[in-house]
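J.: This structure is in structure tokens; I'll ask about it shortly.
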Amino acid sequence: QAISIAHDNPVDLIISDVSMPVMDGFELCDRIKTTLITSHIPVILLTAKTSPVHQEKGYRTGADAYITKPFDAGILKTRVDNLLKTRENLKRKFKKDLILEPKKLNITSADELFLEKAIAVVEQHITDQDFNTAMFTDQMNMSRTVIYTKLKALTGQNLSAFIRTIRLKRAGLLISRTTMNISQIAYEVGFNDLKYFRKCFKEFFKVTPSEYKRKKTGR
């Protein structure tokens, strides 16, 4: 039941006892972490099994924390807060870094591969003004539900916002590293409306493209 809930609903974090009927906490954690639509969800395992062997098994299945009983409620709350904070930091990092390298993020290998593929798909079509969410979904070769869930969890953005963010980040790089003018850059990253590009750019970077250029290049 926990797995189907995690599949069908937005879940921030899972706390599970290791000793459960039908499926123990180790198997639950393994299923959560090896299924793409849920692999991003932090898992805390609670257990009376204190041996290093069991702790190692818990972390091998992908547990983000392994807490032995009896435990202090304050410690559990702190672990929960820290794991949720890490997720929020990831979303902020995605927005802040012009060049995002998934392998340097504290995420599972499945999430890393997903982000790498999602970024690569948009970058392959970055000059295409007609590239949209339907084409992105088709190129990802996954269901729209899976893509939406993963992007929302890892970046805090929906499909269209994610595509726009990748376009704007490329624009930021081109402004700071090339001699192309703003109009050329807008078209280069898939915007056919210069006014709309300037609006989106200012919303994202908090400065206009021209101000950004002066700040980065002094010109």
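Laboratory data are not the source of any read-out in this text; all were calculated from the coordinates shown. Note that the coordinates shown come from a computational prediction; the quantities given were computed from them, not determined experimentally. For neighbour counting, all protein chains shown are included, and Cβ atoms are generated from backbone atoms with ideal geometry for every residue, glycine included.
J.: On each of the three principal axes of the Cα atoms of segment 9-75, give max minus min coordinate, whole Å, ordered largest first.
T.: If we take the Cα atoms of segment 9-75, the spans are 31, 25, 21 Å.
J.: Using a cut-off of 12 Å between beta-carbons, work out the net charge of the residues near Thr68 (Lys and Arg +1, Asp and Glu -1, Thr68 not included).
T.: After counting each charged neighbour, the total is 0.
J.: Might you report the magnitude of the Cβ-based charge dipole of segment 48-194 about its Cα centre, with Lys and Arg at +1 and Asp and Glu at -1, to the nearest 20 debye?
T.: Dipole about the Cα centre, nearest 20: 640 debye.
J.: Just from its helices, what would the mean residue ellipticity at 222 nm be for the chain, if runs of 4 or more DSSP H residues each count -39500 (n - 2.57) and the sum is divided by every residue, rounded to the nearest 500 deg cm²/dmol?
T.: That comes out to -19000 deg cm²/dmol.
J.: Still on this structure: So what J values fall out for segment 44-50 if you push phi through Karplus, 6.51 cos²θ - 1.76 cosθ + 1.60 with θ = phi - 60°, rounded to Hz, Gly and Pro as x?
T.: So the J values, rounded to whole Hz, are 10, 9, 10, 7, 8, 7, 9.
J.: Which of the aspartates and glutamates could a cross-linker bridge to Lys93, judged by Cα under 12 Å and excluding same-chain residues fewer than eight apart?
T.: In chain and number order, the partners are Glu101.
J.: What is the log10 of I(q)/I(0) for segment 59-182, computed with the Debye formula using one identical point scatterer on each Cα and no solvent, at q = 0.13, 0.21, 0.23 Å⁻¹?
T.: Once normalised to I(0) and log-transformed, intensities are -0.62, -1.25, -1.41.
J.: Related question: Grab every C-alpha pair in the chain, bin the distances at 5 angstrom width from 0 up to the longest one, and report whole percents.
T.: Calculated over all Cα pairs of the chain, the distribution is 1, 6, 13, 15, 15, 13, 10, 8, 6, 5, 4, 2, 1, 0 percent.
J.: Return a whole-number percent for the relative contact order of the chain, with Cα pairs under 8 Å and 6 or more residues apart as the contact set.
T.: Across the chain, relative contact order equals 15 percent.
J.: In nm, give the distance between the simple-model label positions of Arg31 and Tyr187, each being 7 Å from the Cα along the Cα-to-Cβ direction.
T.: Calculated label separation equals 5.5 nm.
J.: Can you list the lysines whose alpha carbon sits under 26 Å from that of Lys49, skipping same-chain ones fewer than 8 residues off?
T.: Lys33, Lys57, Lys69, Lys77
J.: Towards the positive end of the charge dipole of the chain, with charges on Cβ (+1 Lys, Arg; -1 Asp, Glu), say which of Ile5, Ile166, Pro209 has the farthest Cα.
T.: After comparing all options, I get Pro209.
J.: Express in nm, to one decimal, how much length is gained between Met20 and Glu88 on full extension, taking 0.36 nm for each residue of separation and deducting their alpha carbon distance.
T.: My answer for the length gained is 21.4 nm.
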